[in-house]
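A.B. asks: Okay, here's the structure, questions in a sec.
Bear in mind that the values in this text are calculations on the coordinates, not laboratory data. All of these numbers come straight from a predicted model, not from anything done at the bench. Cβ placement follows ideal geometry from the backbone for every residue including glycine, while neighbour counts extend to all protein chains displayed.
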Amino acid sequence: MIPEEKLEPYVETIRKAVIELYNYLEEECNSTSDLILFLENGHKANMPLPDHLPYVIGPGEEYHNDKYRVEFYLQYLNSGGKEKHRKLAEQGEIKDLERFQRFSLFLELMIYSHLWENKKNLRELRQIARLLNENSYDWELEVPDYGKSQFIDEDIKQVFLNHDLAVGELFDEIYISQVRNAFAHSEFSFMPNGEAILLGNYDGTEFKNLKRIEIDHWEDIFLKSTIFFHEFLVMKEKKRVELGGKNPTIEIEMPSEDGEEIRKLDIHWHEEGQAYSFNKPAS
């Protein structure tokens, strides 16, 4: 259940960190075209059209699939906080508040795990980290199926910390691989009074050194994670439209079909559709 008093201040703080990240990326990125390719989701299509290059720009299947996950966590965040549910319990609308709290914790653990397992989320963060380290845009960037904790810690978070970005410090607070793994493998339980989540995968090693997470701490981890990924998504869209309006035509670099050469071609901003295309807008 969401603590209402934490929501607004967390949104304000995290939004500032996300704005800082995007503004810094815009300043430090080697080329505007690479930045626009990131914002426009340049990628290799899973099923390219015949006689077309496999590389495309635009949302793609992954983005369309993700919209229902976004819809779900937003609905959960807006479903009412602790105080509302306490009042419902007092009115007899909720028969067993502790049972309802456990139900909420299951949903929160699922949302948290999905946010940090989501390949689209991780690919975007890694793409930013690459651009900050003066690499060109990677049309074929892949997120590993295994070793995601190392990928997040070393290839994303550490880059943000190296650039003194607040998002790096935020990730230090909110990304706990042990929690994600505990949920994935059903190695967790709850204190009977609901005051803590017990982690059954504790073994005393560096990455499994938590026996339990107090509920107040969990609320911070869950809320900050959910707010971050939503603000990240919202700001990406704002920057995409902003830069599209400023750069109606821009030259990009795209790999050849065999990946051996780099092609240069123009993409064009369509104001009506609020998106770039390889085709010029109708005059």
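A.B. asks: Given H placed 1.01 Å from N in the peptide plane, which residues other than close sequence neighbours of F188 have an amide H under 5 Å from its amide H?
C.D. replies: HN-HN under 5 Å from F188: G200.
A.B. asks: Moving to a separate point now. Kindly flag which residue pairs out of K120/K208; K148/K208; K6/K211; K16/K238; K16/K224; K82/K236 have an alpha-carbon separation exceeding 20 Å in this structure. Display every interim value, and only then the final one.
C.D. replies: On the way: K120/K208 26 Å; K148/K208 15 Å; K6/K211 25 Å; K16/K238 14 Å; K16/K224 13 Å; K82/K236 31 Å.
In this structure, K120/K208; K6/K211; K82/K236 exceed 20 Å between Cα atoms.
A.B. asks: Helix-only estimate, please: 222 nm mean residue ellipticity of the chain, summing -39500 (n - 2.57) across DSSP H runs of length 4 or more and dividing by its residues, to the nearest 500. Present the calculation step by step, with values, prior to reporting the outcome.
C.D. replies: Values: 11 runs with 154 residues, N = 283.
Helices in the chain give a 222 nm mean residue ellipticity of -17500 deg cm²/dmol.
A.B. asks: Restricting things to alpha carbons, find the Rg to Rh ratio for segment 4-277 using the Kirkwood radius for Rh. Please report the intermediate quantities before stating the final value.
C.D. replies: Numbers: Rg = 21.0 Å, Rh = 20.6 Å.
Expressed as Rg/Rh, it is 1.02.
A.B. asks: Here's another thing I want to ask about it. Enter the Cα centre distance for the pair segment 238-283 and segment 129-194, rounded to the nearest angstrom.
C.D. replies: Comparing the Cα centres of segment 238-283 and segment 129-194, I get a distance of 30 Å.
A.B. asks: Something else: Once you have the Kirkwood Rh of segment 241-283 from its Cα pairs, apply Stokes-Einstein at 37 °C and 0.692 mPa s and quote D in µm²/s. Please list the in-between numbers first.
C.D. replies: Values: Rh = 11.3 Å.
My calculation gives 291 µm²/s for D.
A.B. asks: Oh, and also: Among A17, A166, A45, which one moves the most in a GNM of the chain with springs linking Cα atoms closer than 10 Å?
C.D. replies: Fluctuation is largest for A45.
A.B. asks: Compute the whole-percent fraction of alpha carbon pairs in segment 32-158 spaced more than 18 Å apart.
C.D. replies: Values: 5243 of 8001 pairs.
Beyond 18 Å sits 66 percent of the P(r) for segment 32-158.
A.B. asks: Could you pull out the longest piece of the chain with no exposed loop trypsin sites (Lys or Arg not before Pro) in it, calling a site exposed if DSSP puts it outside H, G, I, E, B and it has at most 13 other Cβ atoms within 10 Å? All intermediate terms of the calculation are to be shown ahead of the outcome.
C.D. replies: Details: sites that count: K95, K211.
Counting at most 13 other Cβ atoms within 10 Å as exposed, the longest clean stretch of the chain is 96-210.
A.B. asks: Related question: Using a Gaussian network model of the chain whose springs link C-alpha atoms within less than 10 Å, name the residue from E93, E27, E140 with the highest mean-square fluctuation.
C.D. replies: Sorting by GNM fluctuation, first place goes to E93.
A.B. asks: A further question follows. Taking springs between alpha-carbon atoms closer than 10 angstrom, which of H268, H163, H185 fluctuates most in the Gaussian network model of the chain?
C.D. replies: With Cα springs under 10 Å in the chain, the top fluctuation among H268, H163, H185 is at H185.
A.B. asks: Next up: Which value, in nm² and rounded to one decimal, describes the direction-averaged projected area of the C-alpha convex hull of segment 213-252? Kindly include the intermediate steps, with their values, before the conclusion.
C.D. replies: Numbers: hull surface 15.0 nm².
Its Cα hull, projected and averaged over all orientations, spans 3.7 nm².
A.B. asks: By the gyration tensor of its Cα atoms, with a ≥ b ≥ c the square roots of the eigenvalues, what is the shape of segment 126-173: rounded for a/c under 1.5, prolate for a/b over b/c, or oblate? Could you put the intermediate results ahead of the total?
C.D. replies: Details: a/c = 2.81, a/b = 1.17, b/c = 2.39.
It comes out oblate by the Cα gyration axes.
A.B. asks: Across all directions of projection, what mean area in square nanometres is found for the Cα convex hull of segment 158-262?
C.D. replies: 11.4 nm²
A.B. asks: Continuing with this model, one more query. For segment 4-277, what does the relative contact order come out to in percent, with C-alpha contacts under 8 Å and a separation of six or more?
C.D. replies: Values: 301 pairs, mean separation 64.7, N = 274.
Relative contact order of segment 4-277: 24 percent.
A.B. asks: Let me ask something else. List the extent of the Cα atoms of segment 88-208 along each of their three principal axes, largest first, rounded to whole Å.
C.D. replies: 58, 34, 27
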